[in-house]
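Here is the structure we will look at, set down as structure tokens.
Just so it is clear, none of the values below were taken in a lab; they were calculated from the coordinates. Not measured: the values here are computed from a predicted model. In this analysis, Cβ positions are derived from the backbone assuming ideal geometry, glycine residues included, and neighbour counts consider all displayed protein chains.
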Amino acid sequence: MRVAFETLGCKLNFAESSTFGREFVANGYTIVKPTQQADVYVINTCTVTEHADKKCRNFIRRVRKISPNAIVAVTGCYAQLKPEEIHKDTGADIVIGAAQKGDLFRLVSDKIEKRESESIYSCDIKSIETMFPAYSSGERTRSFLKVQDGCDYFCTYCTIPLARGKSRNITIRELVEQANDIASQGIKEIVLTGVNTGDFGKSTGESFLDLLKALNDVDGIERYRISSIEPNLLKEDIVEWIASGTKFLPHFHIPIQSGCDRILALMKRRYNTTMFESKINMIRDKMETPEERYTKVFFGIDVIVGFPGESEEDFQHTYDFLSRIRPAFLHIFPYSRRANTIADQMPDQVQESVKTRRVEALEELCSKLHSEFCQANKGRKLPVLFESTEKDGMMFGYTDNYIRVERPFDKELIGNIKEEIL
């Protein structure tokens with residue numbers, strides 16, 4: 001039997017899909033590419049934008065042409081929010097909500113044995129108390145480890161609390177066990193991932209810092225990255241500990257969403273630009289010497305353009321703010337209306353053409369900032385973890401501060417860390 005996976009959206013989904021895959025393989029399945037014929041297709045969906053929903057529907061239609069008799073199972077955020085829509089519009093055989101993810105393999109197996117069995121498995125998101133544990137495997141250099149799920153913030157533009165439920169996690173002990181499993185596969189780097197990663201501990205009474213300290217002691221893992229953390233949860237004691245000489249790298253992915261305080265208030269974000277800038281400066285003060293300023297720490301920042309009511313002046317505030325704090329990279333998203341959110345009903349929705357223009361402006365700024373960051377690191381000797389991908393006789397890897405490095409392919413370097421002069 002053959003199974004194929006299509007994963008849309010965030011690192012969290014990739015960790016979950018990989019976990020599904022291990023169970024299928026353990027039960028005799030062979031994993032094939034989603035463009036190949038398979039007996040089962042599993043689609044792990046995102047619903048951050050309407051485009052993400054559309055990609056899911058289009059993929060189902062494509063695999064129906066490739067393998068008309070295959071079982072198609074859909075899970076993820078889109079499946080939780082709109083299971084009936086997916087089932088009706090695409091004819092997916094099984095639609096699995098957030099609470100039933102851990103039973104995905106069993107539900108697929110039941111469907112294969114009894115074609116007439118129930119097709120939609122969903123529940124009220126408020127009833128979900130436990131977290132589906134997951135980590136990615138199969139890639140020789142890094143693994144995404146899911147440490148937290150759900151969100152209690154309810155920002156006005158976001159459906160994630162509706163799709164993934166309240167903030168929750170498994171215990172530090174369980175996560176350390178998973179990290180040891182990852183290390184046993186020869187993987188050197190772990191990326192901690194979650195919906196609101198820094199909120200870890202709500203359901204177990206533990207702290208995010210205690211989790212970092214416990215993971216730091218896992219033998220075999222040499223590097224950790226924190227995939228995304230809210231600025232209000234990035235505490236000074238966490239940064240001080242990371243800077244003290246740990247396996248956690250000088251790489252922070254922090255969402256700001258807007259560099260305009262008026263828009264941040266409309267979004268119901270839990271900070272303003274003054275606080276955000278103070279966090280960036282605090283990290284630089286603790287992790288960079290004056291000579292290393294703007295070179296050692298990689299900051300990746302999420303930003304949304306075209307939020308309802310965002311004027312040209314508001315956007316200019318964002319552009320100027322990002323120019324001033326000088327992150328190494330920008331993850332730019334045009335605002336997308338989502339049903340059942342406050343922002344969907346706000347007046348002064350921004351035209352798509354205006355959003356496109358603002359995205360392009362920030363993309364140009366991102367290119368400039370990233371180029372300056374890489375140029376500032378020229379001549380530095382930094383540790384690089386090389387990956388297995390080969391293209392045109394070259395391989396690549398990433399420095400501790402997330403600069404991509406290319407060199408001639410050498411299979412002996414795959415999965416190993418080597419110091420390179422940039």
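Data for the structure
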item: GNM flexibility winner over the chain from VAL303, VAL74, VAL405 (Cα, springs under 10 Å); result: VAL405
item: In segment 86-138, GluC sites (Glu not before Pro) in a DSSP loop with at most 14 other beta-carbon atoms within 10 Å; result: GLU116, GLU118, GLU129
item: Extension gain, ASP410 back to ALA26 (0.36 nm per residue minus Cα-Cα distance, nm); result: 135.1 nm
item: With at most 14 neighbouring Cβ atoms within 10 Å, loop trypsin sites (Lys or Arg not before Pro) (DSSP) excluded, longest segment of the chain; result: 116-267
item: For the chain, built as a Gaussian network whose Cα springs stay under 10 Å, the top-fluctuating residue of ILE120, ILE263, ILE66; result: ILE66
item: Among (1) 1.00; (2) 1.20; (3) 1.37, the entry derived from the coordinates for Cα Rg over 2.2 N^0.38 Å; result: (1)
item: Relative contact order of segment 299-345, defined on C-alpha pairs under 8 angstrom at six or more residues apart (%); result: 57
item: Cα-centre dipole for segment 381-421 with unit charges at Cβ (Lys and Arg positive, Asp and Glu negative), debye to 20; result: 60
item: GNM top mover of ILE342, ILE160, ILE71 - the chain, alpha-carbon springs below 10 Å; result: ILE342
item: Separation of the ASP237 and GLU352 label points, Cα + 7 Å toward Cβ, nm; result: 4.9
item: Positive dipole terminus of the chain, leading residue within LEU249, ALA214, LEU107 (C-beta point charges); result: LEU107
item: Taking PHE315, PHE24, PHE252 and counting other C-beta atoms within 10 Å, the order from fewest to most; result: PHE24, PHE315, PHE252
item: Taking segment 142-357 and dividing mean pair separation by its residue count, relative contact order in percent (alpha carbons under 8 Å, at least six apart); result: 19
item: Segment 2-123 - charge dipole about Cα centre, Lys and Arg +1 at Cβ, Asp and Glu -1, debye rounded to 20; result: 440
item: Fully extended contour minus Cα-Cα distance, from GLU363 to THR49, at 0.36 nm per residue; result: 111.1 nm
item: Percent RCO, i.e. relative contact order, over segment 286-379, from Cα pairs under 8 Å lying at least 6 residues apart; result: 38
item: Cα centroid separation, segment 17-94 to segment 246-302 (Å); result: 36
